[in-house]
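Encoded as structure tokens, the structure appears first; notes follow it.
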Amino acid sequence: MPDITADDGTRLHYVDSGDPSARPVVLVAGFKAAATSWRYQVKPLMRAGYRVIAFDRRGHGLSEVGPDDPAAHTMERHGADIGELVEQLGLEQATIVGQSMGGNAIWAHLTSGARAGEGRPAGRPAGGAGAIRDVVIVDQTPKMLNSDDWPFGFYDYDASNVDTTFATGIPDPGRFPAKSKGLVRIARVLSAMELPKGGKPTFSPAQLALLNDHAKRDWRPAIAAAEVPAFFIAGAESEFWPSAHAAASADLNPLASSTVIERDGHATNIEQPARFNEELLAFLAR
């Protein structure tokens, strides 16, 4: 199995498909999702002539969890892992696609230079000037905490419940329930995601530490500072936040654009894969 080793010794797994000399597209899944969640994108991207690298973030899929240290379970650490993947594979002109939390891990990577002491401008990716061509963010608001200047966060999450909402997992805001999606969309999610059979999902201490760090972050400055184009794709029926977050995010940077896919939820690339792939491939061809 292909893997890299992060600078803290953690083994990180990835799946590499297609022509190794082709332009790379790196797929980064969301919270508790594995590289396998991109199954509806891999073959279409390969057929279009791209090298496709689906990445298991630490603690996800076949990657190791990492040290028993809070610093190993932050968005900065997950952003640094993306940088390690890009650098160790020697990627050039890569498009990084992040779904849900994977999207904000991209912003953590783009702002990791100061933390790593690389001395590069904010918004410029590590790994060389041409390492990352552009990024795609799939149904992830850059700021989950709602505020007067950002009403596009996680439903009902604000200063009054900032420390309790994600204390034990991900609450159900009660928007667009599964029964409203229809059997086909539900079946796609079940086949693409590694979901437990029966009962509610469980959360390890490492996962809860990461989730709470993720929930309290604000990546809008990272979007504004980005020096590469960004494309925000939202599901019109996202269970977690209003789809207007995509356009609001794109408004932060003149290099950014956005779209909303109708009858699509938070698992945007899974519920409506044909429409999602159409939008992604059109962006890649720019």
Using the beta-carbon distance between THR168 and GLU92 and R0 = 51 Å, what value does 1/(1 + (r/R0)^6) give for FRET efficiency, to the nearest 0.05? 0.75
Considering only protein heavy atoms, what per residue accessible area in square angstrom results for the chain with a 1.4 angstrom probe? 42
Using the Cα atoms of the range 1-113, I'd like the radius of gyration and the largest Cα-Cα distance, Dmax, both in angstrom. 13.0, 41
Using only Cα atoms, what is the ratio of the radius of gyration of the range 231-286 to 2.2 N^0.38 Å? 1.08
Relative contact order as a percentage, the range 1-68, C-alpha pairs under 8 Å and 6+ apart, gives 41
Difference of contour (0.36 nm per residue) and Cα-Cα distance, VAL65 to SER204: 49.0 nm
Counting only Cα, what are the radius of gyration and maximum Cα-Cα distance Dmax of the chain, in Å? 17.4, 51
Rounded, prolate or oblate: pick one for the range 1-42, where a ≥ b ≥ c are the square roots of the eigenvalues of its C-alpha gyration tensor, a/c under 1.5 means rounded, and failing that, prolate if a/b is larger than b/c, else oblate. oblate
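Fully extended, how many nm does the chain gain between ALA247 and ALA225 (0.36 nm per residue separation, minus their Cα-Cα distance)?
6.2 nm
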Show the residues, 5+ positions off or on another chain, whose built amide H is closer than 5 Å to the amide H of VAL97. VAL26, LEU27, VAL28, VAL136
Quick one: putting +1 on the C-beta of Lys and Arg, -1 on the C-beta of Asp and Glu, what dipole do you get for the chain around its Cα centre, in Debye to the nearest 20? 820
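Once the other residues with Cβ under 13 Å from the Cβ of ASP163 are scored (Lys, Arg +1; Asp, Glu -1), what is the net sum?
-1
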For the range 167-175, what does the Karplus curve 6.51 cos²θ - 1.76 cosθ + 1.60, with θ = phi - 60°, yield as ³J(HN,Hα) per residue in whole Hz, taken in order and with x for Gly and Pro? 5, 10, x, 9, x, 9, x, x, 9
Under Karplus coefficients 6.51, -1.76 and 1.60, residue-wise ³J(HN,Hα) of the range 90-106 in Hz, glycine/proline x: x, 6, 10, 6, 7, 9, 9, 10, x, 9, 6, 4, x, x, 6, 5, 5
I'd like the Karplus ³J(HN,Hα) series for the range 8-18: coefficients 6.51, -1.76, 1.60, θ = phi - 60°, whole numbers in Hz, and an x wherever there's a Gly or Pro. 9, x, 7, 7, 10, 8, 8, 10, 10, 10, x
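The values are calculated or read from the model by the stated rules, or taken from the named source; none is laboratory data. Keep in mind the model is a prediction, meaning the values are calculated, not measured. Here the Cβ is made from the backbone with ideal geometry for all residues, glycine too, and neighbour counts use every protein chain on show. We work out accessible area using only protein heavy atoms, side chains counted, and drop any ligands, DNA or RNA first. Shrake-Rupley method; radii C 1.70, N 1.55, O 1.52, S 1.80 Å.
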